[in-house]
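This report refers to the structure that appears directly beneath it.
Here, each number is a calculation from the coordinates, and none is a lab measurement. Bear in mind the structure is a predicted one, so any value in this text is a computation, not a measurement. Counting neighbours? That spans all protein chains shown, and the Cβs are built from the backbone with ideal geometry, glycine included.
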Amino acid sequence: MITGTAPVIRTAGLVKRYGRIHALDGLDLEVGEGQIHGFLGPNGAGKSTTIRVLLGLARATAGEASVFGEDPWRNAVPLHRRIASVPGDVSLWPNLSGGEAIDLIARLHGIPRQDAAFQAEKQRLMSQFQFDPRKKGRAYSKGNRQKVALIAALAIPAELYIFDEPTSGLDPLMEVVFRQEVDRIRARGATLLLSSHILSEVEQLCDRVSIIRAGRIVESGTLAELRHLTRTEVSFDADVSPETIPGAHDLTLSEGRARFTVDSDAVSGILPVLAQRDVQGLRIEPPSLEELFLRHYGDDVRELEEAGAKG
């Protein structure tokens, strides 16, 4: 759990039902001030529903949700002056140009069109994202609609940013620009809740990660903390299989390299053993976020792969 100052975002036992469908089923989430917090899960896990509740766009069926200590359903208007968000599916006003749409979103946040700081930041972001603001909304591709939402959100000096699949539709170059802008958010001390199913994106950007499955948080912590839950792979050059190493699992010899896994919190204990054996080409690979994710979704992935093979 997060200690110190009150969390910017907090949910406790959050439930959201749509008829018989439990979109959220007792979700507990905390996001501390200044964090870049990854909210990780596949489509349908409950990420977008959680965000809708936090933005005051949906009312919780049960449980608690607070943003800056306030109820987002009852206090949506003042809270939105402190929040900038990007939805998962961006729709634009068809007859407004991209530039006009960005200005309108800013005015909805209480920023006048003539605000010099906002206009300067908007121009910088349009240049960074290589965005043409003159076209009408109906003419934009998915990627350009995403750029409108991102530029509008990032140009606003918010305390909290809530992004739902923000890089959907962006090409790899623009994803790099997005990562640079997240670094700017971090440098300003603002908070970001980043909902994504892209494991590499979350791993590169986030201080903490929460993994959601079936409307509940199943793991939460820093990547270093979560990596203790899985095994680290160790390998080194070897002509013959070495003797059993204390704490080693799944020891194999392949293509001149010995490989095994060890509990991540036991890595330091095997290093003296390897030093005594004077091993060469030692490589230690901590578990990836993908491995952590597959601990909870591995069965689902296998079922999909088997269904695809049968089809």
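Structural remarks
- Note on Leu294 and Thr252: the model spin-label points, each 7 Å out from Cα along the C-beta direction, lie 1.2 nm apart.
- Against the chain, whose longest principal axis is taken from its Cα atoms, helix 116-128 shows a tilt of about 50°.
- Gaussian network model of the chain, Cα within-10 Å springs - most flexible of Gly256, Gly189, Gly110: Gly256
- Separation of alpha-carbon centers, the range 48-72 and the range 76-112, rounded to whole Å: 19 Å
- Counting only Cβ charges, +1 for Lys and Arg and -1 for Asp and Glu, the dipole size of the chain around its Cα centre is about 1780 debye.
- Computed over the chain, relative contact order equals 19 percent, with contacts defined as Cα pairs under 8 Å that lie 6+ residues apart.
- The chain, Rg to Rh (Cα coordinates; Rh as Kirkwood inverse mean 1/r): 1.05
- From its DSSP helices (H runs of at least four residues, each -39,500 (n - 2.57)), the chain gives a residue-normalised ellipticity at 222 nm of -11000 deg cm²/dmol.
- Charging the Cβ of each Asp and Glu at -1 and of each Lys and Arg at +1, and nothing else, the dipole of the range 179-226 about its Cα centre rounds to 160 debye.
- Each 5 Å bin from zero up to the one holding the largest Cα-Cα distance in the range 172-232 carries the following percent of pairs: 4, 14, 24, 25, 16, 12, 5, 0.
- Cα-Cα over 32 Å, subset of Lys16/Lys136; Lys16/Lys142; Lys16/Lys135: Lys16/Lys136; Lys16/Lys135
- Size descriptor, Kirkwood hydrodynamic radius, that averages inverse alpha-carbon separations across the range 8-167, Å: 16.7 Å
- In nm, spacing of pseudo-spin labels at Glu64 and Asn43 (7 Å Cα→C-beta vector): 3.5 nm
- For the range 94-231, diffusion coefficient by Stokes-Einstein and Kirkwood Rh (Cα), 4 °C, 1.567 mPa s, µm²/s: 79 µm²/s
- Using C-alpha pairs under 8 Å with a sequence gap of at least 6, the mean separation divided by the residue count of the range 231-286 gives a relative contact order of 49 percent.
- Take the Cβ atoms of Ala266 and Asp183, set R0 to 30 Å, and the FRET efficiency comes out at 0.35.
- A dipole drawn for the chain from +1 and -1 charges on Cβ atoms has a positive end, and of Asn95, Ala224, Thr167 the residue lying farthest that way is Asn95.
- Across the range 212-224, rounded Karplus estimates of 3J(HN,Hα) from the backbone phi angles (6.51 cos²θ - 1.76 cosθ + 1.60, θ = phi - 60°) give 10, 9, 6, x, 10, 7, 9, 8, 8, x, 6, 4, 4 Hz, Gly and Pro being marked x.
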